[in-house]
1. For a bin width of 5 Å, list the pair-distance distribution of the stretch 312-424 built from all Cα-Cα distances, rounded to whole %.
2. Can you pull the one-decimal nm distance between simple spin-label points at residue 460 and residue 151, each 7 Å off the Cα toward Cβ?
3. Sort 280, 463 by Cβ crowding within 10 Å, fewest neighbours at the top.
4. Work out, step by step, the length gained on full extension between residue 485 and residue 121: first 0.36 nm times the residue separation, then minus their alpha carbon distance; give nm to one decimal.
5. Sort the following peptides by mean Cβ neighbour count (other Cβ atoms within 10 Å, averaged over residues), highest first: 101-107, 411-417.
6. Return the percentage of antiparallel bridges among DSSP beta bridges fully within the stretch 286-399, rounded to the nearest 5 %.
7. Send over the per residue convex hull volume for the stretch 198-249, Cα only, as a whole number of Å³.
8. Starting with the fewest neighbours, write out 34, 454 ranked by other beta-carbon atoms found within 10 Å of each beta-carbon.
């Protein structure tokens, strides 16, 4: 392993750019630090670890560099939080723009340093510290405000905020899903990200039935899109998984769980292998989901102009098939595969969806704020309560759904918003489930990547993926029953007071409450 000044450095792992020899190989030739007066220094030899973080929940990417410094570069380069970083990371054989993590000066957009932490002396001649960086748009968002009125399709409004010189002024690509609704919005002197957030909450997909968008940055650009757009094209054609991952225990023959055409290609198998995984949440958190209104939600829309109100009850099981979910495929558009069944959950024989008062929301709305009769979503005001119920349920279904974290070999073309397949073997003896299936019918299947941590070290390139699903691969088995199967009890609650004799016994030390009430 090459070393310089006693520090192991990131090597050039491959002989050519065109051939991936081993999963985890990468190409990273330089990592340039631009200081505030224009000096450029390649700090790759002293970088011990490079991390890049991206998520559908974050408006901008962030990252860290762990530095092993033997020449006091922190002082020599006068690092103070105004520097920029430029580099390019790619998986061999993947050279397209969408396959490369490109923050170079020539073809990308360098990142901005904003602080240094964890500075410590490891030895007399070695100082270790962490440099934190983020995208230019994150810094720009802190410096400017948006104070103007926009009118038109919400997807067009977002494009304007991102590209305008007095807005985010971004030169990066924006991948957007066209909205079906238009509105007039006055941005009240808020940051560009806050202005876009107002649009995400009101956005209605043109080709799908959901409500609400995500706005996030990946290593490939910005995205403004709905959950359904991540799962399917036009709300009806399932997107093909960009990668299949498999977890194969060390004592199991790897070829038993690999497609026949791939068994002769160890590189493909290596990229698909999951080193380790754990479930963050193994199914819908039904406590959180009920409290958040995922299953039942009563929305009271109060019209401030007309002095009237409209009450709409959202019902999870009735509305499930009106939107697209992670396990959606073209062959079962009418097959109901929710993460929980609609069976009775209490003595009143109601399902979890039959309690609209699990969450009650008062939603103020009005007409003619900007001269038109539309409501909060730019559509007929009578739709406001219904659309708010769908928006809330769609967001919370994802938040409370099945989530998994896995460690895999680095693949620079993966990004949040991609669909993947995760194949999990059943734990039953014989490698098959009780239904004689070679996969877990509930926890395997299609997942959507929500977060990625790219981790490049001196040895290899790995990724920590977090992925979620808001449905199940196959409909949960068993009949939908009409009656609650609880323990038989009396029809009504029983009441019994503590009589004088009870207190007498307690006073004599014979009762369970020896010291009184």
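1. Bins of 5 Å from zero give 2, 8, 15, 16, 16, 14, 12, 8, 6, 3, 1, 0 percent of pairs.
2. Label at residue 460, label at residue 151, 5.9 nm between them.
3. On the way: 280 11, 463 20.
Fewest-to-most ranking of 280, 463: 280, 463.
4. Numbers: separation 364, 0.36 × 364 = 131.04 nm, distance 6.45 nm.
Here the segment from residue 485 to residue 121 would lengthen by 124.6 nm.
5. Numbers: 101-107: 16.4, 411-417: 22.6.
The peptides rank, most packed first, as 411-417, 101-107.
6. Values: 9 of 15 bridges.
DSSP beta bridges in the stretch 286-399 are roughly 60 percent antiparallel.
7. Details: hull volume 6.6 nm³, N = 52.
Per residue, the Cα convex hull of the stretch 198-249 comes to 127 Å³.
8. Working: 34 19, 454 24.
Ranking 34, 454 by Cβ neighbours within 10 Å, fewest first, gives 34, 454.
We did not get these values from a lab; they are worked out from the coordinates using the rules stated. Remember, it's a predicted structure, so these values are computed and weren't measured experimentally. We place every Cβ from the backbone using ideal geometry, glycine too, and count neighbours over all the protein chains shown.
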